[in-house]
Amino acid sequence: MDAARLKSIPLFSHLSERQREQVARWADEVDIKAGKHLVDQGRFAYEFFVIEEGTAEVTHDADHLADLGPGDFFGEIGILGDEPRTATVVALSDMTLIVMTDRDFREMTRSMPEVAETIRRTMEARMKKDQ
């Protein structure tokens, strides 16, 4: 993963160059084809995703919740809550994703409080919206 590319992603744009280099070591860049199920509701959470390019649809019990695009992220609720996925996310187009394992994601949130705070605020807003 190229650390310089992380600067264009809102979640990481405010980090120092050194911090972005660390995130790049934790993350992989993955290309996905349209139609691919990225996460499935009810399954255990192992990865955190940030969309670099493309769009995805989020559903819960087959109900449309949101469309996600570049800069959006998902997967944090299952990892941080140690619970099954709360929604299904499917690629609507070909996508480029930044993917982190749960272990690396947890390390990032421990060592980079500003990233953790952004993720926490987004997670709380999503949980409220789903209620």
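Measuring with a 1.4 Å probe in the full set of protein chains, what accessible area per residue, in whole Å², belongs to the chain?
Numbers: 7120 Å² over 131 residues.
For the chain, the per-residue accessible area is 54 Å².
When shorter helices are ignored and each DSSP H run of at least 4 residues is given -39500 (n - 2.57), the per-residue value for the chain at 222 nm works out to -10500 deg cm²/dmol.
In nm², what is the average projected area of the convex hull enclosing the Cα atoms of the chain?
Details: hull surface 28.1 nm².
Across all orientations, the chain yields a mean hull projection of 7.0 nm².
Relative to the longest principal axis of the Cα atoms of the chain, the long axis of helix 17-26 makes an angle of roughly 50 degrees.
Placing +1 on each Lys and Arg Cβ and -1 on each Asp and Glu Cβ, with no other charges, gives segment 44-131 a dipole about its Cα centre of roughly 320 debye. Listed by chain and number, the aspartates and glutamates placed with their C-alpha closer than 17 angstrom to that of Lys33 are Glu52, Glu53, Glu57, Asp67, Asp94; residues fewer than eight positions away on the same chain are left out.
Of the solvent-accessible surface of the chain, computed with a 1.4 Å probe and all protein chains present, 48% belongs to carbon and sulfur.
The values are calculated or read from the model by the stated rules, or taken from the named source; none is laboratory data. Please read these numbers as outputs of a predicted model, since none were measured by experiment. In this analysis, Cβ positions are derived from the backbone assuming ideal geometry, glycine residues included, and neighbour counts consider all displayed protein chains. Heads up: the accessible areas ignore ligands, DNA and RNA and are worked out on the full protein's heavy atoms, side chains in. Shrake-Rupley method; radii C 1.70, N 1.55, O 1.52, S 1.80 Å.
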